[in-house]
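A short worksheet on the structure shown next.
The values are calculated or read from the model by the stated rules, or taken from the named source; none is laboratory data. Because the structure is predicted, anything quoted here is derived from the model rather than measured. Cβ coordinates were reconstructed from backbone atoms using ideal geometry, including for glycine residues, and neighbour counts include every protein chain displayed.
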Amino acid sequence: MRTQVAIIGAGPAGLLLGQLLHSYGIDTIILERQTRDYVLARIRAGVLEQGTVGLLEQVGVADRLHRECLVHDGVELAFGGSRHRIDMKQATGGKTVTVYGQTEVTRDLMNARATAGLATVFEAADVSLHDFDGTSPRVRYTKDGASHEIACDFIAGCDGFHGVSRQSVKPAALEIFERTYPFGWLGVLSETPPVSPELIYVNHPRGFALCSMRSLTRSRYYVQCRLDDHVDNWPDGKFWDELKHRLDAKAADTIVTGPSIEKSIAPLRSFVAEPMRFGRLFLAGDAAHIVPPTGAKGLNLAASDVHYLSNALREFYVEKSPAGIDDYSRRALARVWKAERFSWWMTTMLHRFPDTDAFSARIQLAELNYLVASKAATEAMSENYVGLPY
C-alpha cells in the first residue's frame, strides 16, 4: 500500500488531522491498534476552546456539536466557603468555551471519515515505523495474522503517551521535561443534572474538587485523592459525602446525587518531549505532551498541533514549500509550553500538596483572592482558559 501521510492513532488528534488533510486533497491512512468500540468507550474531558470548535467547523463535523453542546461564558472558583464567578466572555472581548464530550468529538470525526470512504485500519497489531529519517518512510503492521507495509511520504504520530511513535525515536534525540504530581483525580460520571450551569473549581482544606458536566442531564465530578488510592475504596455514598464536604453550603445542599455510571482514578502529570519532528516523523497530541487536566488543555493542545501540522503539510504539497514542516516543532512547542504553564499554575493554586503547610495554604488563598478581585488577573486567566490564539 501507499499513501501520502500515514497517521498512527485514531483518537481525536489523528482523526482531525485526517479530515483536515482530506480537505486539502492529501491522501491518508490511519492505523489504530484498538477496536473502534474501544476507542469510543474512552471517557475523556470535553471543554473545547474556540479554536478547536473552529477546526471542527472547518472540516464539517460541528453540526451535532452545535445542537447538543453547552456554551459557557465563565467559570466559578470556590474557596473560603464561597463562590466567585469569572466572566471570561467579558474579560476576553466575547470569547467562550464549549462543553462537548471528547467521545462525541471522536464519534463525529469517525463517522465523517467513514462517510468520505477514507481508509482506517482498526486492530492494527505490531505497528513499527521505519526509515523516517530519510525520504521514504514505511509503516509495518499485522492484521488478522497477515503482515502489511505502507509506503508514505510522512508519518504523523498521534497515538498517545504510550504509543509506538515517540518510542520509535532514538532516546538521544529526545529531551524530556516531566513533573508528576503526588495525587490523583477520582472522577465519577452520573446521570444527574449539574449542580451549577458552569464549572466549579474548588480549593478546600480537604483537597481539590471539580464540578463539571457533559450535558444538562449528565454530570462529571472529581475529588483529589491519594495517588495510590483505588476506586474500590470509594463506593458512591462515600464519594458524594466527600464531594459535599468540599463544596460551599449552597452547592452541597442542592447537588443531585445518583448511581455512578463510570468511576476512575487518573494520575496527574506534566510532560513535554522535544522536538516534535524527527525527519519525516511528526508527533502530535499526547504523543508529545501531557498536561494535568486542571486547565482543560489536553484535547485542545492536540487540536492546535494538528492545526500547525496540517497547514505545514498543505504548504508542502500544494505550495511546494518545506517551510511549514521545518518550523512545525518550534511553532507547536511555543503554544504547548504556554498551556503547560497555565495548567501547572491552576494545579498548584487549587490542590493540596503533601507539603502544603499553613503558610502555603495562605499563599493559595491570597492568589485566589487576588485573581477574583483584579481585572488584570481575571483577564490573564480568562485569556488562557478560552485558548490562546494559534
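Taking helices (runs of 4 or more DSSP H) as the structural unit, those lying wholly within region 290-390 and holding at least 3 residues that are in contact with a helix residue (DSSP H, G or I) (Cβ under 7 Å, 6 or more places away or on another chain) and over 20 Å from residue 97 (Cβ atoms) correspond to 298-318, 323-350, 358-373.
Among the criteria (1) surrounded by 15 or more Cβ atoms within 10 Å (Cβ to Cβ); (2) free of Cβ contacts under 8 Å to residues at least 12 places away in the same chain, the one residue 118 does not fulfil is (2). The single condition among (1) part of a strand (DSSP E or B); (2) without any contact (Cβ under 8 Å) to a residue 40 or more places away in the chain that residue 264 does not meet is (2). For residue 87, indicate whether it is outside the structural domain of residue 373 (by TED's automatic domain parsing) and closer than 30 Å to residue 388 by Cα. It is true that residue 87 is outside the structural domain of residue 373 (by TED's automatic domain parsing) and closer than 30 Å to residue 388 by Cα. Whether a residue is among the polar types (S, T, N, Q) and more than 17 Å from residue 112 (Cα to Cα) was assessed, and residue 52 does not pass this test.
For region 40-51, a tally of residues being in contact with a Lys or Arg (Cβ under 9 Å, 6 or more places away or on another chain) and in a helix (DSSP H, G or I) returns 2. Scanning region 145-188 for residues that are touching a residue at least 12 places away in the same chain (Cβ under 8 Å), assigned to a loop (DSSP other than H, G, I, E, B) and farther than 30 Å from residue 352 by Cα yields 152, 153, 158, 159, 163, 168, 169, 174. In the set 255, 363, 290, only one residue is at pLDDT 95 or above, crowded, with 18+ Cβ neighbours inside 10 Å, among the β-branched types (Val, Ile, Thr) and more than 21 Å from residue 7 (Cα to Cα); that residue is 255. Test residue 192 against the criterion of being farther than 17 Å from residue 75 by Cα, assigned to a loop (DSSP other than H, G, I, E, B) and more than 23 Å from the chain's Cα centre (by Cα), and give yes or no. So residue 192 passes the test.
Of the set (1) polar (S, T, N, Q); (2) closer than 27 Å to residue 52 by Cβ; (3) modelled with pLDDT of 95 or more, all apply to residue 147 but (2).
State which residue is nearest to the chain's Cα centre (by Cα) when the search covers only region 52-71 and only residues that are in contact (Cβ under 8 Å) with a residue 60 or more places away in the chain and crowded, with 19+ Cβ neighbours inside 10 Å. Step through it out loud before you land on a result.
Start the filter on region 52-71 by keeping residues that are in contact (Cβ under 8 Å) with a residue 60 or more places away in the chain, which leaves 52, 55, 68, 70.
Among the residues that remain, those that are also crowded, with 19+ Cβ neighbours inside 10 Å are: 52, 55.
Numbers: 52: 11, 55: 15 Å.
Filtering region 52-71 for residues that are in contact (Cβ under 8 Å) with a residue 60 or more places away in the chain and crowded, with 19+ Cβ neighbours inside 10 Å, the one nearest to the chain's Cα centre (by Cα) comes out as 52.
This table checks each residue for (1) of a type in the set (A, V, I, L, M); (2) outside the structural domain of residue 28 (by TED's automatic domain parsing); (3) loosely packed, with under 14 Cβ neighbours inside 10 Å; (4) in contact with a Pro (Cβ under 8 Å, 6 or more places away or on another chain).
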{"position": "136", "(1), (2), (3), (4)": "no, no, yes, no"}
{"position": "140", "(1), (2), (3), (4)": "no, no, no, no"}
{"position": "143", "(1), (2), (3), (4)": "no, no, no, no"}
{"position": "159", "(1), (2), (3), (4)": "no, no, no, no"}
{"position": "162", "(1), (2), (3), (4)": "no, no, yes, no"}
{"position": "168", "(1), (2), (3), (4)": "no, no, no, no"}
{"position": "187", "(1), (2), (3), (4)": "no, yes, no, no"}
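Residue-wise test of (1) farther than 24 Å from residue 92 by Cα; (2) of a type in the set (Asp, Glu); (3) in contact with a Lys or Arg (Cβ under 7 Å, 6 or more places away or on another chain).
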{"residue": "277", "(1), (2), (3)": "yes, no, no"}
{"residue": "300", "(1), (2), (3)": "no, no, no"}
{"residue": "303", "(1), (2), (3)": "no, no, no"}
{"residue": "316", "(1), (2), (3)": "yes, no, no"}
{"residue": "329", "(1), (2), (3)": "yes, no, yes"}
{"residue": "336", "(1), (2), (3)": "no, no, no"}
{"residue": "341", "(1), (2), (3)": "no, no, no"}
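Quick check on residue 243: is it modelled with pLDDT under 95 and either part of a loop (DSSP other than H, G, I, E, B) or outside the structural domain of residue 130 (by TED's automatic domain parsing) (or both)? In short, no.
When restricted to residues that are over 26 Å from residue 182 (Cβ atoms), modelled with pLDDT of 95 or more and either surrounded by 14 or more Cβ atoms within 10 Å (Cβ to Cβ) or under 25 Å from the mean Cα position of the chain (by Cα) (or both), region 366-390 contains 10. Just so you know, in region 311-345 the residues that are free of Cβ contacts under 8 Å to residues at least 60 places away in the same chain and polar (S, T, N, Q) include one that is surrounded by the fewest Cβ atoms within 10 Å (Cβ to Cβ), and it is 321. The strands (runs of 3 or more DSSP E) found entirely in region 52-137 that carry 3 or more residues being of a type outside the set (A, V, I, L, M) are 74-79, 82-87, 125-130.
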